[in-house]
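Input: a single structure, listed below in structure tokens.
The values are calculated or read from the model by the stated rules, or taken from the named source; none is laboratory data. Keep in mind it's a predicted model, so treat the numbers as computed, not measured. In this analysis, Cβ positions are derived from the backbone assuming ideal geometry, glycine residues included, and neighbour counts consider all displayed protein chains.
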Amino acid sequence: MTKLINFKIIEGEEGSLVALESLKNVPFDIKRVYYIFNNKKNIKRGHHAHIKLKQLAVCVSGSCKFLLDYGKNKEIVELNNPGEGLFIDHMIWREMFDFSSDCVLMVLADSFYDEKDYIRNYEEFLKGVK
Ligand code: T46
């Protein structure tokens, strides 16, 4: 399951601010934050699913697209707004592409980095999702 979450944007005279808080507007306890930027032209990233990990992706600058593959069906979601986040549950194959040159994709995760949680083989993902 994936879900787009709209955040409250606090608009001030100086500019705008969004606050992300565990178990409030982020639907899990945040254990890790990483961000992806400086992507080369026309590259694709991702190509994996997670066994347990839940994440929330926010494009804090620029834009990019996610291909989300649920095993039976797929969809493409564009992120281009720092006021919204894409929640991605476990066992969803994802590919990220069409990064704008100014794209900074921030991801919040409910666990520390663990390569053993990755499924990087698509056939294995399809077996696991059934
Ligand atoms: C995901 C999508 C949205 C670390 O050392 N620590 C970390 O926390 C992460 C996320 C990665 N790494 C290392 C592992 C690789 O050697 O950084 C390198 C690049 O990682 P990866 O190829 O997995 O990056 P993406 O962009 O394909 O995927 C990342 C996340 O790994 C993944 O969980 O859902 O962003």
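Restricting attention to the range 35-76, the residues being small (Gly, Ala, Ser) and closer than 22 Å to Lys116 by Cα number 4. Give me the residue from the range 1-24 that is in a loop (DSSP other than H, G, I, E, B) and closer than 14 Å to Lys54 by Cα and, out of that set, modelled with the lowest pLDDT. Of everything passing the filter in the range 1-24, Met1 is modelled with the lowest pLDDT. So, in the range 25-53, of the ones that are part of a strand (DSSP E or B) and of a type in the set (D, E, K, R), which residue ends up farthest from Ile76 (Cα to Cα)? Per the stated criteria, the residue is Arg32. For the range 7-28, filtered to residues that are of a type outside the set (A, V, I, L, M, F, W, C) and surrounded by 11 or more Cβ atoms within 10 Å (Cβ to Cβ), the residue that is farthest from Asp110 (Cα to Cα) is Asn25. Tyr34 meets each of the listed conditions (1) within 12 Å of the ligand (Cβ to nearest atom); (2) surrounded by 16 or more Cβ atoms within 10 Å (Cβ to Cβ) apart from (2). Answer yes or no: is there a residue in the range 41-53 that is surrounded by 15 or more Cβ atoms within 10 Å (Cβ to Cβ) and either more than 10 Å from the ligand (Cβ to nearest atom) or hydroxyl-bearing (Ser, Thr, Tyr) (or both). No, the range 41-53 contains no residue that is surrounded by 15 or more Cβ atoms within 10 Å (Cβ to Cβ) and either more than 10 Å from the ligand (Cβ to nearest atom) or hydroxyl-bearing (Ser, Thr, Tyr) (or both).
Scanning the range 84-102 for residues that are more than 27 Å from Ser16 (Cα to Cα) and in contact (Cβ under 8 Å) with a residue 60 or more places away in the chain gives Asp89, Ile92.
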